[in-house]
Amino acid sequence: MMLFIGTFLAIPSSLLAGFAPSIEILIAARIFGGLAAGMAFPTTLALIAAIWSGKERTRAIALWSGIGAAIAAMGPMISGFLLLFRDWGSVFMVTLPLAVVALIMIYKFIPSNINETEKPVDNLGGFLSLIFLGGLILAINFAPIHSTITITALLVIIAVVTGVFFIIRQRRAKNPLYDLGIARRPTFLVAACAGTIVFGSLMGAMYIGQQFLQNVLSYSTLNAGIAILPSAVFMVFAAPFSARLVERYGSRFTPCF
């Protein structure tokens, strides 16, 4: 249900962003879309962990990672093509047919009940994490703007305070939203840091790269999107290959490779 609702909410959020009459409404629509994505995207990985195990889970996660990264890389190309003929609002309309197809597939293929538990959900921890991450992300976005120093400082304080309360909550909750004991394990910590560095670098390079190609090298929006298309091809190719490396050589060797 979480996956279905999140995917469904992507439709009105895209429509609101596509027809936004002002920057304020556009920002609100993107926040709305982020909440929808936050409901749907992590749920897909949770479903993989619940449905499969062993080699099947490794292959499913590899395919999930490859397709997700490839779609992210293809986004600029599709958007660039649309911007040659239509206004910027058309970019958000790409989500609509994809969401409809996804809703049909969710209803047809995803089981309603998978290893459900009677333990209560840590809603307070979820709310604190939402405020913490939201404040941190907004602070990073406002930081380069000199006229928003006060707002940036306020957002940093909010992020720090809610972050501390989140950690306290997770230590005291009987059924915590996030087990801090897992985060202290070296195996998990190193893998999480490596994943953050790799995906953070990739997304940052794609974001800055698009601006460089268009504003400095004077590429058209379509050509700028095509320029990063090889990355999508190689990610789709490498993801299934990484699963075979994990099966053959183990998870420690694969990241080094």
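The values are calculated or read from the model by the stated rules, or taken from the named source; none is laboratory data. This is a predicted model, so every value here is computed, not measured. Don't worry about glycine lacking a Cβ; one is built from the backbone with ideal geometry, like all the others, and counts go over all protein chains shown.
Which ones in segment 12-49 are more than 17 Å from the chain's Cα centre (by Cα), of a type in the set (A, V, I, L, M, F, W, C) and in a helix (DSSP H, G or I)?
Hits for segment 12-49 are LEU15, LEU16, ALA17, ILE23, ILE25, LEU26, ILE27, ALA28, ALA49.
Output the residue which, of all residues in segment 91-125 that are surrounded by 14 or more Cβ atoms within 10 Å (Cβ to Cβ) and small (Gly, Ala, Ser), is nearest to SER13 (Cα to Cα).
So the residue we want is ALA99.
Can you tell which of GLY33, GLY66, GLY38, GLY80 is under 20 Å from LEU9 (Cα atoms), crowded, with 19+ Cβ neighbours inside 10 Å and in contact (Cβ under 8 Å) with a residue 12 or more places away in the chain? Quick ask: steps written out before the conclusion?
Numbers: GLY66 fails: under 20 Å from LEU9 (Cα atoms); GLY38 fails: crowded, with 19+ Cβ neighbours inside 10 Å; GLY80 fails: under 20 Å from LEU9 (Cα atoms).
Going through GLY33, GLY66, GLY38, GLY80 in turn, the sole match is GLY33.
Only one of these is among the aliphatic types (A, V, I, L, M) and closer than 28 Å to ILE51 by Cα: LEU133, LEU103, LEU155. Name it.
LEU103
Given PHE19, PHE32, which one is under 21 Å from LEU130 (Cβ atoms) and at pLDDT 90 or above? Working first, answer last.
Values: PHE19 fails: under 21 Å from LEU130 (Cβ atoms).
The match here is PHE32.
Against the definition (within 17 Å of the chain's Cα centre (by Cα), in a helix (DSSP H, G or I) and either surrounded by fewer than 17 Cβ atoms within 10 Å (Cβ to Cβ) or not charged (D, E, K, R) (or both)), how does THR58 come out, yes or no?
Criteria not met by THR58.
Could you name every one of the helices (runs of 4 or more DSSP H) located completely within segment 192-257 that has at least 2 residues being basic (Lys, Arg) and in contact with a His (Cβ under 6 Å, 6 or more places away or on another chain)?
Passing ranges: none, list empty.
Give, as residue ranges, the helices (runs of 4 or more DSSP H) completely inside segment 89-189 that count at least 3 residues that are closer than 24 Å to GLY204 by Cβ and out of contact with any Leu (no Cβ under 7 Å at 6 or more places or on another chain).
Where helices (runs of 4 or more DSSP H) fall fully within segment 89-189 and carry at least 3 residues being closer than 24 Å to GLY204 by Cβ and out of contact with any Leu (no Cβ under 7 Å at 6 or more places or on another chain), they are 123-142, 149-172.
Only one of ASN175, ASN215 is of a type outside the set (Val, Ile, Thr) and touching a residue at least 12 places away in the same chain (Cβ under 8 Å); which?
It is ASN175.
Considering only segment 209-216, I want to know if a residue exists there that is surrounded by fewer than 16 Cβ atoms within 10 Å (Cβ to Cβ), within 26 Å of ASN123 (Cα to Cα) and either of a type in the set (A, V, I, L, M, F, W, C) or over 25 Å from the mean Cα position of the chain (by Cα) (or both).
Taking every residue of segment 209-216 in turn, none turns out to be surrounded by fewer than 16 Cβ atoms within 10 Å (Cβ to Cβ), within 26 Å of ASN123 (Cα to Cα) and either of a type in the set (A, V, I, L, M, F, W, C) or over 25 Å from the mean Cα position of the chain (by Cα) (or both).
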